[in-house]
Amino acid sequence: MDDIHPSSESIKLESKINYYSDGFDDNEDPFFLSDDDLVGGDDGAADALLEDIREDEIDLLKQKQQDCKILNTTELRQRMEHDVAQVSAVLSVPKTEASILLRNYNWSVSKVNDAWFTDESAVREKVGLFVKPVIGSDIVSNKRKIIICGICFESHTSDRIRYADCGHLYCEICWSIYISTSINNDGAGCLMLRCPEPSCHAAIGQDMIDSLSSEEDRKKYSDFLLRSYVEDNRTTKWCPGPACEYAIEFSGADGIFDVTCHCFTSFCWNCKEECHRPMDCDTVKRWILKNSSESENVNYILAYCKPCPNCKRPIEKNHGCMHMTCRVCRYEFCWLCLGPWKGHMNCNRYMERTDTDDKRKKLAKESLEKYTHYFERWDANRKSKVKALADHQRVKDEEFKKLSVSQDIPEAHFEFISKAWLQVVECRRALEWSYSYGYYLPDNEPAKKQFFEYLQGEAESTLEKLHNCVENELKEFLDVDGLSKKFSEFRTKLVGLTTVTGNYFEKLVRALENGLSDVYSPGAKGLEDEVEDCWHCDRCTYANPSSIRSCKMCVPSDIDNVSVNE
């Protein structure tokens, strides 16, 4: 596990890790080392400095602590067993029955208790628990008694017969086959296994399953039980990261659902798509559906195809000749005028059209071009984000070692580089979804669109400077022998770029989440009263308070001041 993510315990992490902020203290960077720290130094001082870094990092996590907890499988099993033991103690029932009750009530201890004390008999009937066997257990009390199995109809001694709470008698072999078939064929449905008797709904407890199943089947059942504990519980979800086995418990209620797992997978708790600020979940679903549906093919047909005059099927021209033959109805016609080819002479004379076909095709073509514009940039930033995440891992695994040797600095002191890469990843994500946001901006609000494009353009420029610095400027220090003074300058520049980029993107995301409410829209109802004490920038239309003279959005970006003195 990476150093920046403690793995021995579950720690509370923020439900909305603010990757858009700098991640550094305003007055002191815990990962910034002075030249005195880099030159010489004994091992004791280095160890003390490393410990200070770790303490600062933990403090930073505590400061950002929100309503999210990351749990591994061991911790999940402990929680599940604790809930089972709690219900067992309160209701005075065996743990096997407590587990059945919790599964039927979505692992909610409070719901089980409320239902049980309201009407115990109704709950027992619902979940299939009986106080005593319906069929007397005295039948199997005599171990020498011969009993006929209700499934295979073979005779067995009573010590080879088993039964659930209902008391229906079946041999161990049939029970074992019945349980194994359910575990291997029904998936998670095996957790709701009932008595083989068709008219009986008695629940089969885990104690019987464990005693009659193979080791492999017991493990599968245990895994299904754990997955049920997470997936049926409203407060926990599995991390959607590839091969990730962490679950995340979330109880936030502030409207922001971004969570980040130890595996660096960030996703929206509400819809389980990747984090998509500033977009809301419903619009994200629309955008994803639009990207995966055939709707754009329809627009393409309208823009670049013509209907057969006879059967009205769309036809795309793929040869030079204007003589067209429909493959469906074999109708022959002219591509230019759509008139019948038989007896066709010339169609070069212009005749003004009165129908709406041209307008419809023009609108379809414009719609397709608009979608293509935003989709290409959305997809480009998505791919750049994925590559940046892979580059970050490669830099940590390979280049940190080279850098440590060339600059004679411990690898633990390169956390500022790791933070810069993570900032790039999250800013790429925000920029990615900003293009989806732009696609759905209303065309009848040009002021907002202009302001949005201004902010987005500034964000792109800012991010490109950070990305270029952490990706390309780092390379010149990998093969240098000995401590380089320029590396200290590079560090100062990179930390500054990380800070400025994070701050700018946080402003961008908040502005878009607020619907660009500060932008003046001429003619908007009731807006005159709201903007009496504001003046509007001629450049970006931002509504500034009358107490300031310079536009808050058009002031020179701090990023231009982040440079290295030559």
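The values are calculated or read from the model by the stated rules, or taken from the named source; none is laboratory data. All figures in this text were calculated on a predicted structure; none of them were measured in a lab. Methodologically, a virtual Cβ is constructed for each residue, glycine included, from the backbone with ideal geometry; neighbour enumeration extends over all protein chains shown. The protein model used for the area step is the full one, side chains on, heavy atoms only, and it has no ligands, DNA or RNA in it. Shrake-Rupley method; radii C 1.70, N 1.55, O 1.52, S 1.80 Å.
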Margin query: residue 214 - would you say it is more than 27 Å from residue 124 (Cβ to Cβ) and in the same structural domain as residue 165 (by the TED database)?
Written below: yes
Notebook entry, point to check: Which numbered condition trips up residue 234, out of (1) surrounded by fewer than 15 Cβ atoms within 10 Å (Cβ to Cβ); (2) closer than 30 Å to residue 423 by Cα; (3) among the basic types (Lys, Arg)?
Noted result: (2)
Next item on the list: Residue by residue through the stretch 475-505, note down the ones that are farther than 23 Å from residue 430 by Cβ, open to solvent by less than 70 Å² (accessible area, probe 1.4 Å) and either assigned to a helix (DSSP H, G or I) or at pLDDT 85 or above (or both).
Entry: 477, 487, 488, 489, 490, 491
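With respect to residue 447, determine if the residue is of a type in the set (A, V, I, L, M, F, W, C), assigned to a helix (DSSP H, G or I) and without any contact (Cβ under 8 Å) to a residue 60 or more places away in the chain. Spell out the reasoning first.
On the way: of a type in the set (A, V, I, L, M, F, W, C): yes; assigned to a helix (DSSP H, G or I): yes; without any contact (Cβ under 8 Å) to a residue 60 or more places away in the chain: no.
No.
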Item checked: Residues of the stretch 433-443 satisfying the condition of being crowded, with 22+ Cβ neighbours inside 10 Å and either touching a Lys or Arg at 6+ places or on another chain (Cβ under 8 Å) or over 14 Å from residue 280 (Cα atoms) (or both) -> 433
Notebook entry, point to check: In the set 364, 412, which member is closer than 21 Å to residue 495 by Cα and of a type in the set (Gly, Ala, Ser)?
Noted result: 412
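Going by the conditions given, is residue 315 modelled with pLDDT under 80, of a type in the set (Val, Ile, Thr) and over 24 Å from the mean Cα position of the chain (by Cα)? Give the steps one after another, and end with the answer.
On the way: modelled with pLDDT under 80: no; of a type in the set (Val, Ile, Thr): yes; over 24 Å from the mean Cα position of the chain (by Cα): yes.
Spelling it out, it is not the case that residue 315 is modelled with pLDDT under 80, of a type in the set (Val, Ile, Thr) and over 24 Å from the mean Cα position of the chain (by Cα).
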Notebook entry, point to check: With (1) crowded, with 20+ Cβ neighbours inside 10 Å; (2) in contact with a Phe, Trp or Tyr (Cβ under 7 Å, 6 or more places away or on another chain); (3) under 23 Å from residue 497 (Cα atoms) as the list, and residue 420 as the residue in question, which single condition is left unmet?
Noted result: (2)
Check: Quick one: is residue 463 assigned to a helix (DSSP H, G or I) and free of Cβ contacts under 8 Å to residues at least 60 places away in the same chain?
Finding: yes
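Go through the stretch 212-233 and give me each residue that's more than 30 Å from residue 250 (Cβ to Cβ) and assigned to a helix (DSSP H, G or I). Full working, then the answer.
Taking the stretch 212-233 as the starting set, the residues that turn out to be more than 30 Å from residue 250 (Cβ to Cβ) are 212-218.
Of everything in the stretch 212-233, those that are more than 30 Å from residue 250 (Cβ to Cβ) and assigned to a helix (DSSP H, G or I) turn out to be 212, 215, 216, 217, 218.
Within the stretch 268-286, does at least one residue satisfy the condition of being closer than 18 Å to residue 79 by Cβ and not assigned by the TED database to the domain that holds residue 102? If you could, list the steps in order and put the result at the bottom.
Of the residues in the stretch 268-286, the ones closer than 18 Å to residue 79 by Cβ are none.
No.
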Checklist line | Subset of the stretch 375-412 that is in contact (Cβ under 8 Å) with a residue 24 or more places away in the chain and of a type in the set (Phe, Trp, Tyr) - its residue that is surrounded by the fewest Cβ atoms within 10 Å (Cβ to Cβ) | finding: 375
Notebook entry, point to check: Which number in (1) surrounded by 14 or more Cβ atoms within 10 Å (Cβ to Cβ); (2) of a type in the set (Gly, Ala, Ser); (3) out of contact with any Phe, Trp or Tyr (no Cβ under 6 Å at 6 or more places or on another chain) marks the one condition that residue 247 misses?
Noted result: (3)
Note to self: What's the total number of residues in the stretch 93-112 that are among the small types (Gly, Ala, Ser) and open to solvent by 30 Å² or more (accessible area, probe 1.4 Å)?
What the structure shows: 1
